[in-house]
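Each remark here refers to the structure printed beneath this line.
Read the figures in this text as sums done on the coordinates, not as results from a lab. Every value quoted in this text rests on a predicted model; they were computed, and no experiment measured them. We place every Cβ from the backbone using ideal geometry, glycine too, and count neighbours over all the protein chains shown.
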There are 2 protein chains.
Amino acid sequence: MSGFRHVVMFKWAEGTTTGQQDEVAAQLRELPGAIPEIREYSIGTNAGVNPGAYDFVVVADFDDKEAYLVYRDAPVHRAVIDQYIAPLTAERVSIQYEL
Amino acid sequence: MSGFRHVVMFKWAEGTTTGQQDEVAAQLRELPGAIPEIREYSIGTNAGVNPGAYDFVVVADFDDKEAYLVYRDAPVHRAVIDQYIAPLTAERVSIQYEL
């Protein structure tokens, strides 16, 4: 397989509700329909297996780096980040790599 | 798709060489051949697109949580962690989630 993958994990701030987390997931699930550059899009919530694990993750695959940059900078994506994700975020880590 | 995914990111300690990083990747690439519970195994090195990104990532898919736990605790895996990964690790973050 070739392509370009973006992985980002979040820890939510104390007091973040299940409803707020569900809203983040619902908003993100709209993005593949809005941004055709997204090839595969997987979001997940910590299964609670290991102590210290992050709370939420997005694994997004693209054909190439340029397609990822379209996603990263898409206004519809930035709006979800600004309105739903950033206010809840305590920690954010990411990596991008060639598949 | 159903299954169970493990995602782990590392930042390497200052002074870690390219050769050491290549050895980590080479050792990990042996694991799918040694641990049949691994369904998909993707490893990657930071593409350098975004400042602050992590250095290295593993995305590993399994049929279920139990299969992931076999991988997590497999002596051949723990040996790679202890001998090759832990000595280089400055930061490690992970999440496990249901696909």
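Listed values, structure above:
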{"quantity": "Number of the condition not met by A:N50 [criteria: (1) closer than 30 Å to B:V70 by Cβ; (2) in contact (Cβ under 8 Å) with a residue 40 or more places away in the chain]", "calculated": "(2)"}
{"quantity": "Per-region count, the range B:1-52, residues assigned to a helix (DSSP H, G or I), out of contact with any helix residue (DSSP H, G or I) (no Cβ under 6 Å at 6 or more places or on another chain) and among the β-branched types (V, I, T)", "calculated": "1"}
{"quantity": "Residue in the range A:60-92 that is surrounded by the most Cβ atoms within 10 Å (Cβ to Cβ), counting only those that are within 14 Å of chain B (Cβ to nearest Cβ) and among the aliphatic types (A, V, I, L, M)", "calculated": "A:A60"}
{"quantity": "Cross-chain or 6+ apart pairs with Cβ under 6 Å, the range A:76-99 first and in contact (Cβ under 8 Å) with a residue 60 or more places away in the chain and farther than 13 Å from A:A60 by Cβ, then surrounded by 12 or more Cβ atoms within 10 Å (Cβ to Cβ) and β-branched (V, I, T)", "calculated": "A:Y84/A:V24; A:I85/A:V24; A:L88/A:T16; A:V93/B:V93"}
{"quantity": "The range B:1-23: number of residues that are more than 14 Å from chain A (Cβ to nearest Cβ) and either under 20 Å from B:I38 (Cα atoms) or touching a residue at least 24 places away in the same chain (Cβ under 8 Å) (or both)", "calculated": "5"}
{"quantity": "Residue check, A:P51 surrounded by fewer than 17 Cβ atoms within 10 Å (Cβ to Cβ), away from every other protein chain (no Cβ under 13 Å) and either over 12 Å from the mean Cα position of the chain (by Cα) or closer than 24 Å to B:S2 by Cα (or both)", "calculated": "no"}
{"quantity": "Verdict on A:I95 being within 20 Å of B:F10 (Cβ to Cβ) and either within 14 Å of chain B (Cβ to nearest Cβ) or part of a strand (DSSP E or B) (or both)", "calculated": "yes"}
{"quantity": "Residue in the range A:34-43 that is in contact with a strand residue (DSSP E or B) (Cβ under 7 Å, 6 or more places away or on another chain), small (G, A, S) and within 11 Å of chain B (Cβ to nearest Cβ) present", "calculated": "yes"}
